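The values are calculated or read from the model by the stated rules, or taken from the named source; none is laboratory data. It should be emphasised that the depicted structure is a prediction, and the values quoted were computed from it without experimental measurement. Note that we place each Cβ from the backbone using ideal geometry, even for glycine, and neighbour counts take in every protein chain shown. Note: areas computed on protein heavy atoms with side chains; ligands, DNA, RNA excluded. Shrake-Rupley method; radii C 1.70, N 1.55, O 1.52, S 1.80 Å.
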Amino acid sequence: MPLPSGGTWPPQHLTPIYQQYAVLDAWYRGDPDELAAIYNDPTRPANRPAQHRGGVVGALARWFWGQPTPQGEKRTKLHVPVASDLAVMSSDLLFSEPPSLTVENTATQERIEELVENGLQATLLEGAEVGAALGGYYLRAVWDTEVAERPWLAVVHADAAVPEWRWGRLSAVTFWRVVEQDDRTFLRHLERHEPGKIFHGLYRGEGGDLGQQIPLASNPATANLQPEVETGIDRLTAVYVPNMRPQREWRNLPAGAPLGRSDFAGPVLGLMDALDEVYTSWMRDVRLAKARLIAPSSYLQSNGPGKGATFDLDRELYEGVNALGDGDRLELNVVQFGIRIVEHRDTGAELLAAILRATGYSAQSFGLSGDVAVTATEVSAKERRSLTTRGKKAVYSGPPLADAVEMLLLLEAALFSSGVEPERPTVVFGDSVSPDLMQLATTAELMRRAEAASDETLVRMLHPDWDETEVKAEVQRIADSRPAQVMDPLALPGEMTGPDDGGGDPAAAQDGPSEGE
């Protein structure tokens, strides 16, 4: 299928999905202005009919961020960036340690390690963070000989792609971006990936209309692109990496069912909205708790006709006021409201705990637990829920990552004559909880005493990141440093005695009868 000739963009059948992307993006970015723009129009009156309507419009209007600021007041709503913190934590749990990508071919393995060293881990960290917010991300192959000698993998956010599915698998995808915008006129670059080909097109249109296709040379951002590129391989040069599945909100939409599920899906957005309301109320208590002094108008000193009156707070001496009652009594009232610290703190903590439960993370991962875990075993126990969620996400991220690396190796061999044999790697995600060295050392010592493990097994256990050469070298160094065993002339045939044990068990020598008794 070629590039589109015009029409609505993004396509009409993806409108519900892109509307939800806009909401998720607003929470992920955490900009109060954008949240206010998504949930309500600040120019509308405070009491508007939309708040009494049903459906999506009425629901959004009744949210805390859907309540407009009354006339004459400034906006004092506070946003707590829980959404972005959740996305960062999800990314860190998956890719804070680089994944292990292994193949059998040595040259291919070296090329994969070069990819990891040249920024693949950073690419995956970015993709996983955005994918946690939007439900997934894309990895596409990019090459430009003026920038790098070989192709590399780049992240494309889910709200900048129009995917096409066949039996739940990605069959084609069109990436798009706005390269120039002038008032209502948009200049959009479309990049369509099909098996074996990539198409580029530049369009000028207004608003949500794609408009007419114009030459790629019309803009510097696309001037060096070709309308059609042969990739030389029989597969897509892009893969989709879902955050998690199933997609609950769009499961009845053919275009949305294969997409991943956002960490903010379901009731999480409502809980985050309520958390913002709690913190806004807390800060309102802080503002109202400022001490204020109420003085009668007769206490004020006139500044002249039309200039108002003032009250001198630094004045130390006052004279009596001719008034009913006790004229010597100063009627000054101090008003200072209390701050409901406990109520707001407990409500906020409960809402945050509910958010973490709904997203599948532990309070320990979010830094909310007062107990500090010392060993890796304690960390794993306290973060069991987070590690379970991480394992689920790894199941969905592993196969697309292997596909992307294999596709990149095929592309290098076809277009760049790399000489590296393409091979699909085995993906093993790194341990997000570092093992406790003291615990490992104790385990190794006990296994050594019980003669339950060889030197090689113990070295591999203590150094899981070492390759075969490093492990064998360390085993040899251990063997060379171990004292040589000597033969005890009094021992039975086959028995050996080391110089460090004195030739046998001292206790046995004392208890048993000596020779000749």
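Things to note:
- The residues of segment 176-186 that are touching a residue at least 24 places away in the same chain (Cβ under 8 Å) and either acidic (Asp, Glu) or open to solvent by less than 10 Å² (accessible area, probe 1.4 Å) (or both) amount to a single one, 180.
- Just one of the listed residues (226, 212) is in contact (Cβ under 8 Å) with a residue 60 or more places away in the chain and surrounded by fewer than 14 Cβ atoms within 10 Å (Cβ to Cβ), namely 212.
- Complete set of residues in segment 191-214 that are closer than 19 Å to residue 166 by Cβ, touching a Ser or Thr at 6+ places or on another chain (Cβ under 7 Å), assigned to a strand (DSSP E or B) and not basic (Lys, Arg): 193, 198
- Counted residues, segment 379-412 - those being farther than 19 Å from residue 127 by Cβ and open to solvent by 40 Å² or more (accessible area, probe 1.4 Å): 8
- Residue 483, sole failed condition from (1) in a loop (DSSP other than H, G, I, E, B); (2) at pLDDT 70 or above; (3) under 30 Å from residue 103 (Cβ atoms): (3)
- Qualifying residue in segment 92-110 (condition: more than 23 Å from residue 426 (Cα to Cα) and either open to solvent by 10 Å² or more (accessible area, probe 1.4 Å) or not in a helix (DSSP H, G or I) (or both)): no
- Meets criteria (over 30 Å from residue 149 (Cα atoms) and touching a residue at least 40 places away in the same chain (Cβ under 8 Å)) for residue 102: no
- Residue in segment 280-299 that is under 26 Å from the mean Cα position of the chain (by Cα) and either more than 22 Å from residue 65 (Cβ to Cβ) or outside any strand (DSSP E or B) (or both) present: yes
- Summed over segment 111-149, residues that are under 15 Å from the mean Cα position of the chain (by Cα), of a type in the set (D, E, K, R) and surrounded by 19 or more Cβ atoms within 10 Å (Cβ to Cβ) total 1.
- Selection status of residue 130, in contact (Cβ under 8 Å) with a residue 12 or more places away in the chain and either in contact with a Pro (Cβ under 9 Å, 6 or more places away or on another chain) or under 25 Å from residue 233 (Cα atoms) (or both): no
- Test: residue 217 is open to solvent by 50 Å² or more (accessible area, probe 1.4 Å), small (Gly, Ala, Ser) and either more than 34 Å from the chain's Cα centre (by Cα) or modelled with pLDDT under 95 (or both): yes
- Exactly one residue out of 253, 269, 210 is of a type outside the set (Phe, Trp, Tyr), in contact with a Gly (Cβ under 6 Å, 6 or more places away or on another chain) and within 26 Å of residue 25 (Cβ to Cβ), and it is 210.
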